[in-house]
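One structure is given below, encoded as structure tokens.
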Amino acid sequence: MRSRLLLLLALTPLHAESIDREALVRRHSPVIRAFDVDAPAFVGNGGFGFGADITGLQTFFHEHHRDGVPVEMLSRWCWYSEPNPEGHTLDDASEPFRRADGRIVDYPTRHSSEAGQWLRRNPRNHPLAQLAFERPEGDAIEPGEIHDPEQTHDLWRGAIESRFTLDGEPVRVTTTCHPDLDLLAVRIDSALLANDGLAVRLAFPRGHDIDVKNTPALDFSKPETHETAIARTTAQRVDLVRQRDALRYHVALSWNEGSEVEPSGAHSFQLRSTGPRLEFVIAFASGALPEQLPGFEATLAASAAHWQRFWETGAAVDFSGSTDPRASRIEERIILSRYLMATQCAGEIPPQESGLTCSTWYGKHHTEMIWWHAAHFALWGHDELLERNLAWYRDQLPAARELARSRGLRGARWPKMVGPDARESPGGNPLIVWNQPHPIHLAELLHRSRPGPEVLERYRDLVLETADALATMVHFDEDRQQYVLGPPLWIAQEIYDRATSQNPSFELAYWRWALETAQTWRERLDMPRDPKWDHIIAHLSPLPENDGKYVSLGSHPDTWDEIDSRHDHPTMLAPLGVLPGGPMVDRATMDRTLDAVLADWDWETKIWGWDYPMIAMTATRLGRPGDAVEILLRDGPNNVYLPTGHCPQRSDEKLPAHPPPGARKREIAAYLPANGSFLATVALMVAGWDGCDTEHPGFPKDGRWTIRAEGLKPLP
């Protein structure tokens, strides 16, 4: 007994040094010293956010940041719908598809029709306002007039510190956001303010340019089509009511003594100061705003306290001491991604793919992305942010039940591309199905963090009704004596015929894992296992193979022989990576499949930002850490991370990973599924998974990696 105790003491550090969280975060707080349209700073509270250019405001949004990452002010509660005099409904955009059981079912896939166009554009997210520096006489300031800029994105406090020189005078700007109110606070210090050399413009657009699906410009045309009414004014505050058709929201602008605000146009105001300091806060809400708003100092203090709690209570990974030069890149990407996801992906409505940075797909949430957007929150110790996302799913269970009923299914079926009301959009293909098991997986992650009746009761309906729909979406093929999935469906690799696709590999594996997990929930809830679910689990079609490798689709098994099939998402790897594999997966076959993807996949055109981490997950579970690190950081077309953490997605055109200015051709300027998948993958690489007996399994044991981790959760 004594010898065992001595051995334990020898193996256990007596003074295990905890990670210095503040030092870890601060060494990766971006400092930008040049005008860079690819390096906007951001403050936000998860459902409201503000992007700033090098001036700390949005001075150069229109003519300049359009070529890089836009800077906007967005929320997840502000939505606009244009009038619908034709009464367009989903039936007007639907077409029939034959299911595997022979039944004809309509799906709203005609997005190019008149009805489809209206339904995909409405409702759409509405930009709140724009803040920019200008001359008091209203003249714009150009980037060439800004000298010696230095902008520090203080991630530890959630604040942006911007310094520059204009007209020979220093200007200092501090920008921050309240953690609980949709309120922005700004402090500006400069002698230019007192000398009539500098002012701030507050302007309200009528919306976005609806002719552009991704990263549209703000629309300042047709001022007669919307209203900005002054509801109340006092010496240091003005309350406004904004209205466009049925959209109505409230704005309150409050400023320090010695400053003033005056209208400067139909939908714009100018803030000026008679002294060298201008402080103001601007708040937004769908209803009336409080009589008292926190000022700048109170907002900065609230932000600092909030972010200190965020960084200190969640997980942390420290790579200092590593000699592999890639370690610092991973550490930096972790910090920037965690900040971006926390500021942009925890609002009243689950996020769009560009978060609160800019508008994509009309601001709508793509439910197949919710795992990439939110799973990492539980893995990194912030269950509360995952629960904000799942609250919407719980609230929308009635809509999901109705969608299931309309398709002849039981339980709750989830739409693909949705606004706040969960109504499907023809612009997001409703035949995608890999979104269906996500609520079960996310609820399971929460239960792993907090096992017990609270989580079980809160999410029981979400889990069990989602599983009920999964069970009725498969069809028992009497000839095969197997359950088949599809047709119709659009698999995660979005390149195959929707009308004929059947038995996709990732989806089959996900169905089995989700149904087995739902059965476990029934047992935890003292309910009997569902016999139909057990029959499906036992008789589900096997993963499709060809030439000793897994392929994407059972109805199209010759994919490895066809060049055109080796692009988009290689999700035949996901059954052992995102998922734990289980009895459906043969490791040797998956190992050969990974070899084939690395050798034969099209890495030059459309491979997405979440594909690189997903592939690294498979490499990690296969015991190939060298490949995992290489793929995770591979400098590919859609795996380039910008100075403040964003990972833009390029178009299909073959351009270098770092295209020169003017040749960007970006499809999406900000793509947060890349950041979220990166964080989930690092969690797997560091903390492992159930049954993993290797420390930090995703990193080579070559003596070049020194890794300390606190609070990180393993995956199933």
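Where a number appears in this text, it was derived from the coordinates with a stated rule and is not lab data. Everything numeric in this text was worked out from a predicted model, so none of it was measured. Neighbour counts are summed over all protein chains in view; Cβ atoms, including those assigned to glycine, are modelled from backbone coordinates with ideal geometry.
Cα extents for the range 472-561 along the principal axes, largest to smallest and rounded to whole angstrom: 49, 25, 24.
Calculate how many DSSP beta bridges within the chain are antiparallel, expressed in % of all such bridges and rounded to the nearest 5. Percentage antiparallel, nearest 5: 95. Neighbour counting of Cβ atoms within 10 Å sorts the residues E353, E227, fewest neighbours leading, into E227, E353.
Between the range 285-305 and the range 143-164, what is the C-alpha centre distance in whole Å? Using only Cα atoms, the two centres lie 22 Å from each other.
With the highest mean first, a sort of the peptides 28-37, 615-624, 217-226 on other beta-carbon atoms found within 10 angstrom per residue produces 615-624, 28-37, 217-226. The alpha carbon centroids of the range 419-445 and the range 235-271 are separated by 38 Å.
Under the criterion of Cα pairs below 8 Å and six or more residues apart, the relative contact order for the chain equals 13 percent. Taken as Cα centroids, the range 507-545 and the range 564-618 sit 23 Å apart, rounded to the nearest whole angstrom. Taking label positions 7 Å along the Cα-Cβ direction at both A235 and D461, the computed distance is 5.3 nm, reported to one decimal. Projected label points at A191 and H539, each 7 Å from Cα along the beta carbon direction, are separated by 8.6 nanometres. As a length-normalised measure over Cα pairs under 8 Å and 6 or more apart, the relative contact order of the range 82-165 settles at 18 percent. Between D167 and E86, the contour length at 0.36 nm per residue exceeds the Cα-Cα span by 23.7 nm.
Using 0.36 nm per residue and subtracting the Cα-Cα separation, the extra length available between D564 and D209 on full extension is 124.4 nm. All C-alpha pair distances within the range 151-288, sorted into 10 Å bins from zero, spread as 11, 34, 36, 18, 1 percent across the bins.
Classified by the C-alpha gyration tensor, the range 524-597 has a prolate form. Its axis ratio a/c, with a ≥ b ≥ c, is 1.5 or above, and a/b is larger than b/c. Report the label-to-label distance for E95 and A140 in nanometres (one decimal), using points 7 Å from each Cα along the Cα→Cβ vector. It works out to 4.3 nm between the two label points.
So, R0 is 25 Å and r is the distance between the beta-carbons of A217 and D245; what FRET efficiency does that work out to, to 0.05?
Details: r = 20 Å, r/R0 = 0.82.
The calculated FRET efficiency here is 0.75.
Compared with the rule-of-thumb size 2.2 N^0.38 Å for a compact globular protein, the chain has a Cα radius of gyration ratio of 0.98.
Relative to the longest principal axis of the Cα atoms of the chain, the long axis of helix 370-379 lies at roughly 90 degrees. With R₀ fixed at 51 Å, the C-beta to C-beta distance from D595 to A305 puts the FRET efficiency at about 0.55. The ranking of K213, K701 by Cβ neighbour count inside 10 Å, starting from the fewest, reads K701, K213.
Using Cβ point charges alone (K and R +1, D and E -1), the dipole size of the chain about the Cα centre works out to roughly 1340 debye.
Note on the range 29-108: dipole from Cβ charges, positive end direction compared against V105, T55, Y80; the farthest Cα belongs to T55.
Ranking V418, L622, F164 by how far each Cα lies toward the positive end of the dipole of the chain (charges on Cβ) leaves L622 at the top. Lysine pair count for the chain (Cα-Cα distance under 12 Å; residues 8 or more apart in sequence or on different chains): 4. Taking GluC sites (Glu not before Pro) across the range 40-89, the ones in a DSSP loop with at most 12 further Cβ atoms lying within 10 angstrom of their Cβ are E63, E86. For the range 338-472, a Kirkwood hydrodynamic radius built from all Cα pairs, placed in the Stokes-Einstein relation at 25 °C and 0.890 mPa s, yields a translational diffusion coefficient of 164 µm²/s.
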